[in-house]
Amino acid sequence: MTERETTRLVAWSQELRRVHHRLREALSVTRASLADGTPGEAATRELLLYCHGFCTALDGHHRGEDRTLFPAIAAAHPELRPVLRALEQDHSMIAHLIGGLRAAVDRAAPPEQLDQHLEGIAAVMENHFRYEERQLLTVLETLEVAAAPREALGPL
């Protein structure tokens, strides 16, 4: 294996960390836009924009993992299938929570209600990311995935 190939292999773990960092930042910006307290239509448009961007990015990340990354891990490390199933269940739960947030935004729910949705997503997302990193980062340092990072980890 060449040094370049080794660098590409290690980069998968770095890519996952970068994506998680960007998603954490996107959630933080979304919550900050809500906490800003700007009244009226401008605040609603801003929140819709941030929410849409964050929700789309998080959903895209999980779809990429489910479709591309997790099958590659399962093929190379069948002993991790229970971990991957747990992570996929988290993805389903987070998708449900995102659906609740989108519905709350669509009906112009009060800021405190929107923040409750964001807080729930944040708690599950953070727990999920930490578990995923503990379980998979070492594996990703040696995993060969025949896909672009955008395909395997989402459009971030």
Out of the residues in the stretch 68-79 that are within 20 Å of the chain's Cα centre (by Cα) and without any contact (Cβ under 8 Å) to a residue 60 or more places away in the chain, state the one that is nearest to L101 (Cα to Cα). F70
Report yes if some residue within the stretch 40-55 is over 15 Å from the mean Cα position of the chain (by Cα) and outside any helix (DSSP H, G or I); otherwise report no. yes
In the stretch 127-141, which residues are in contact (Cβ under 8 Å) with a residue 40 or more places away in the chain and loosely packed, with under 14 Cβ neighbours inside 10 Å? T138
Quick one: how many residues across the stretch 85-126 are surrounded by 14 or more Cβ atoms within 10 Å (Cβ to Cβ) and outside any helix (DSSP H, G or I)? 1
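None of the figures in this text is laboratory data; all of them are computed from the coordinates on show. Quick caveat, the model's predicted, so the values are computed rather than measured. Reconstructed Cβ throughout: ideal geometry from the backbone, glycine too, with neighbour counts over all protein chains shown.
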